[in-house]
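As structure tokens, the structure follows; a few thoughts come after it.
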Amino acid sequence: MEKKRILVVDDEPNVLVTYRLILQQQGFEAHAAVSSEEARRALDSLEFDLLLCDLSLEKQESGFDVIEYARGKNATLRAILLTGYASPEANEWAEAQKIPILFKPIDVQQLLDTISSLTRNDDHAIRQATCE
Amino acid sequence: MTDTSERRRGAALRLLAAERSEEILPMLLEEIVSLGFARALVTAVDFDSSELRPTVSLNCPKSFQHRFRTSTYAMEHPAVQALHTQQMQLVPPTRQMQPVLCYPVLYRHKSACLEAERIHKPECLAVFNSTVGSKINLGEQVCRVCNMHSYAAVVCVELRKRTRQAQISTISELVEIANRQMARLFKTEYYFNRMSDMESTIAQMQTVMESMSDPVILTDNQHRVIMQNKAAERFFKLPDGVSEGRVRAVELNNMLFSAALSSMAVSGTSDSSRDMTLVDAIEGEEVLFEAVSAPSFTRDGRRTGMVSVLRDVTELRRADEELRQNYEKLTAAEEIVRQDRDRLNLIIENVGDPIVVCDKDSKIVLLDPLAAELLGTGRESSRSPVRLRNQAKLDAYITSFTYSFSDRESAPLRLVNPTSAQEIEYDAHSGKIYDERGQVAYTVTVLRDLTAVRRVEQLKLERRMLEMEKFAAAGRLAGTIAHEVNNPLEAIKNCIYLLANNVTPEAQAVYSILKTETERVARIVRQMLGLYRNTEQVGTFHTNTIIEDTLLLFARQLERSGVRIERELGDVPPSVGSADQLRQVLSNLVVNAKDSMSQGGVLRVRTRLLSNGLHETVRVLVGDTGCGIPPNMLQTMFEPFVTTKGERGTGLGLWIVKGIIENHGGKLRVRSRVGHGTVFKIDLPVVR
């Protein structure tokens, strides 16, 4: 079975590295981007099964922009928004886009459960995941 | 001569045999004519017209009679002269006429009449007329003693040309006899007439007395009963064959009555009334009488006794007594009412709030000075536009209250103080006073000045806002720190996860500590971030909606733990504050409840509105049937970092709950029994 390809975006290099390592350990093909620019480049060059994106990125960039960019390329791309701080706008936006939000500090097991349910390519599972 | 004296004697005897006074003068004229004189007449004084007028005549032609018709003032007339002088007058003969003898006939006697003698009054007319030299009154001949109307007349006899002196003496003798006889008869007749008059008067009086329903009694000077009517007999007269009781009753009545008369006589009051109680001899009842007694006098002023009229005043006095008692009762009641009113007035004046009493038509009937200041006293001078507006507002409120079905009502009322021109918020408390038919008679309204209360509320609100701001600032700080800690923590956590399979067995224990402690830091950071996340967004929220949301959110977890939810959500108004914060409060409490019921149980959530008339409160109860909180923890459980959950808890949950509730001006209380469960009670003020 082909490895699922996941792009992780976070402006904290150490956090980014650990996510990448965990995902690799779980058998995913994990790519990491430390900025929105890097993320766009990666999205341009490769097709991903899942996008894991921190909400607050460097400078004025936000996870929304990255996800929107990615959705512009692949409208059905699954994504998870990670954040340490959720504003009501972010909540509304994520809900509208049917993107689950995980709040930092994130329980690793919960993250892995969410990822696996989204990457199972199962509509039912997606609905389940978004609802939780 | 013998013949003459015989005839004279016969005439005298005939005259003396007369029985009626009016027979005498005609008889006298006949006797005179029979003596051989041609004609004779009597001219009598008519006291009404002051004339001498012929009344009886014998053989007298008109012309002769006419000569003796004259006025009593015509002194030159021989007849008048005869009366005045009491001497006979001789009218000398003229060519056409024989001489005429005029002889006065007047009621007279040397001794006084019986009546005059009895009362020792010498002014008897008979004596007066017989006194020589006294001036005869031809105006009227009335006795001053017995009031008898007497007569005065002149006997006129036409003499022959040569009549002898002896014949004239005979005439005068006969006239004197006739006069004496007439005087006697006149008097007797007078007394007889008077007696029969009196009898009929007495009979009339008796009829009058008898026809009176009140007892009337005539007594003499010794208080002996002279006469009494039937009504009096009932009390004072003893009929034959009566019982001893009645005899005693009548005796007693008589005694009482004469005692009353005596005391009246002694007290000297000539005309007086007094009350006495007599016994009705027939009915045996006591009857109260008012006796009005007046002395009776003779015409000459001698007292002859008393006339007493007894009036039955039993009913009158009873009515009087009743009236007096009623009056006393009324006076006493009035006094009580007056005291009550005074007391009430004192209370009203000292309440310190404006009080208005209105009648059923919402017209003001009573005001205390404070209310008068607001509304005016109704006098023209106290009317101002402000007061009229106040009155209109109050009137509208009271009218609607009067026609409402509630007995009491309270409503906010904004009136303007006429002096300061400031609007004041009042809390109008009204009650109704009903009349005996259950209709509204009056309404009483007390206006409570809410200025002070509102100021305190405002201060409280401001302080709360400040507290909330402080709490929010603390939250923001905590959030910032947590946020900063968050990313390194995330990296550490991920590293710990990555290292899990690479730890040597001897380092496993250390690794385990590292992992759990890091987890704990993560929970603290999560809690702090939660606080930060929820510090904004102040607005209104519906408590029930938030409860429903929270319960829905945790429904699955609770179900998994075997916890049944019982909700009882009342109709509560929206609250002011942060919906997110309240959501966190409820989440924390629900999670605590769930954690305390590891073996399952019941989670009860209730809301209801409480009101003490001035303030409204939303009460939220969150109860569980879990393990409960040990008593020693109840004091400290709201302090930060105190937890019963050991490693799993942060010790921040209840601290945050308490902080949020207090920042909303609310109160948080807890009741718990180990092994039975815990109830958290939240009171949130309603701000409208």
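How many partner chain Cβ atoms sit within 10 Å of a residue's Cβ in peptide A:99-106, on average, as a whole number?
For this peptide, the per-residue mean of nearby foreign Cβ atoms is 5.
Trypsin sites (Lys or Arg not before Pro) within region B:143-193: which are DSSP loop residues with at most 15 other Cβ atoms inside 10 Å?
Listed in order of number, the matching sites are B:Arg144, B:Arg160, B:Lys161, B:Arg162, B:Arg164.
When a/c is below 1.5 the answer is rounded, else prolate if a/b is larger than b/c, else oblate, so apply that to chain A with a ≥ b ≥ c taken from the square roots of the Cα gyration tensor eigenvalues.
rounded
State which entries of B:Lys187/B:Lys230; A:Lys3/A:Lys104; A:Lys59/B:Lys667; B:Lys62/B:Lys161 exceed 32 angstrom in Cα-Cα distance in the structure shown.
B:Lys187/B:Lys230; A:Lys59/B:Lys667
Please sort B:383-394, B:618-629, A:102-113 by packing, taking for each peptide the average over its residues of neighbouring beta carbons within 10 angstrom, highest first.
Taking the mean over residues of other Cβ atoms within 10 Å, the ranking is B:618-629, A:102-113, B:383-394.
Under the classification rounded if a/c is under 1.5, otherwise prolate if a/b is larger than b/c and oblate if not, where does region B:230-368 fall, given a ≥ b ≥ c as square roots of the Cα gyration tensor eigenvalues?
prolate
Can you return the aspartates and glutamates within cross-link range of B:Lys121? Criterion is Cα-Cα under 18 Å, with same-chain partners fewer than 8 residues away left out.
Counting by Cα, and skipping residues close in sequence, B:Lys121 has these aspartates and glutamates nearby: B:Asp300.
Determine by what factor the alpha-carbon radius of gyration of region A:10-68 differs from 2.2 N^0.38 Å, reporting the quotient.
Region A:10-68 yields a ratio of 1.06.
B:Lys110: which aspartates and glutamates have alpha carbons under 19 Å from its alpha carbon, excluding same-chain residues fewer than 8 sequence positions away?
B:Glu123, B:Glu173, B:Glu176
Please work out the FRET efficiency for the pair B:Met97 and B:Glu123, using the Cβ-Cβ distance as r and a Förster radius of 41 Å; give the result to the nearest 0.05.
Once the sixth-power term is evaluated, E becomes 0.50.
With no solvent and one equal point scatterer per Cα, compute the Debye intensity ratio I(q)/I(0) for the protein assembly as shown at 0.07, 0.09, 0.10, 0.11 Å⁻¹ and report its log10, rounded to two decimals.
-0.85, -1.03, -1.12, -1.21
Please average, across the residues of B:518-526, the number of beta carbons from any other chain that are within 10 Å of each residue's own beta carbon, and give a whole number.
Across the residues of B:518-526, the mean count of other-chain Cβ atoms within 10 Å is 2.
Which lysines have a Cα less than 22 Å from the Cα of B:Lys363, not counting those fewer than 8 places away in the same chain?
B:Lys393, B:Lys432
Stretched out fully, how many nm does the piece from B:Glu373 to B:Asp571 gain, at 0.36 nm a residue minus the Cα gap?
Gain on stretching B:Glu373 to B:Asp571: 67.1 nm.
At 7 Å along Cα-to-Cβ for each site, give me the label-to-label distance between B:Ser296 and B:Ser169 in nm.
It is 5.6 nm.
Once the cut-off is 14 Å, how many percent of the Cα-Cα pairs in region B:608-688 end up in the long-distance tail?
Result for the distance tail: 67 percent.
Could you sort B:166-173, B:476-483, B:77-84 so that the peptide with the highest average Cβ count within 10 Å comes first and the rest follow in order?
In decreasing order of mean packing, B:166-173, B:476-483, B:77-84 become B:77-84, B:476-483, B:166-173.
Of the beta bridges DSSP finds with both residues in chain B, what % are antiparallel, to the nearest 5?
Approximately 95 percent, going by the DSSP bridge assignments.
By its C-alpha gyration tensor, with a ≥ b ≥ c as the square roots of the eigenvalues, how is region B:538-688 shaped: rounded for a/c under 1.5, else prolate for a/b larger than b/c, else oblate?
prolate
Hey, could you grab the Kirkwood Rh for region B:1-134? Inverse mean 1/r over distinct alpha carbon pairs, Å, one decimal.
Answer for region B:1-134: a Kirkwood hydrodynamic radius of 16.8 Å.
Kindly write out, for region B:600-614 in residue order, the coupling ³J(HN,Hα) from the Karplus curve 6.51 cos²θ - 1.76 cosθ + 1.60 (θ = phi - 60°), rounded to whole Hz, with x marking Gly and Pro.
In residue order, the calculated couplings are x, x, 10, 9, 10, 10, 10, 10, 7, 9, 10, 9, 10, x, 10 Hz.
Among DSSP beta bridges whose residues both lie in region B:538-688, state the antiparallel percentage, nearest 5.
80 percent
For A:16-23, what's the mean count of beta carbons from other chains sitting within 10 Å of each residue's beta carbon?
Counting other chains' Cβ atoms within 10 Å and averaging over A:16-23 gives 3.
Using only Cα atoms, what is the ratio of the radius of gyration of region B:371-438 to 2.2 N^0.38 Å?
Computed over Cα atoms of region B:371-438, the ratio equals 1.25.
For region B:450-536, divide the Cα radius of gyration by the Kirkwood radius and give the resulting Rg/Rh value with two decimals.
Checking Rg against Rh, the ratio lands at 1.35.
What FRET efficiency would be calculated for the residue pair B:Asp353, B:Met465, taking the C-beta separation as r and a Förster radius of 25 Å, to the nearest 0.05?
0.20
Give me the percent relative contact order of chain A, please, defined on Cα pairs under 8 angstrom at least 6 residues apart.
19 percent
Once you have all Cα-Cα distances for region B:212-312, histogram them in 5 Å bins from zero and send the whole-percent values.
Taking all Cα pairs of region B:212-312, the binned fractions are 3, 13, 25, 26, 17, 9, 5, 2, 1 percent.
Arranged from highest to lowest average of other beta-carbon atoms within 10 Å per residue, in what order do the peptides B:195-206, B:223-234 appear?
Sorting B:195-206, B:223-234 by mean packing, highest first, produces B:223-234, B:195-206.
How far apart, in nanometres, would the label points at B:Glu76 and B:Leu498 be if each is projected 7 angstrom from Cα along the Cα-to-Cβ direction?
About 19.1 nm, to one decimal.
Rule-based calculations on the coordinates, nothing more; no lab input. Computed from a predicted model, the values in this text were never measured in an experiment. Heads up, the Cβs are rebuilt from the backbone with ideal geometry, glycines too, and the neighbour counts pull from every protein chain shown.
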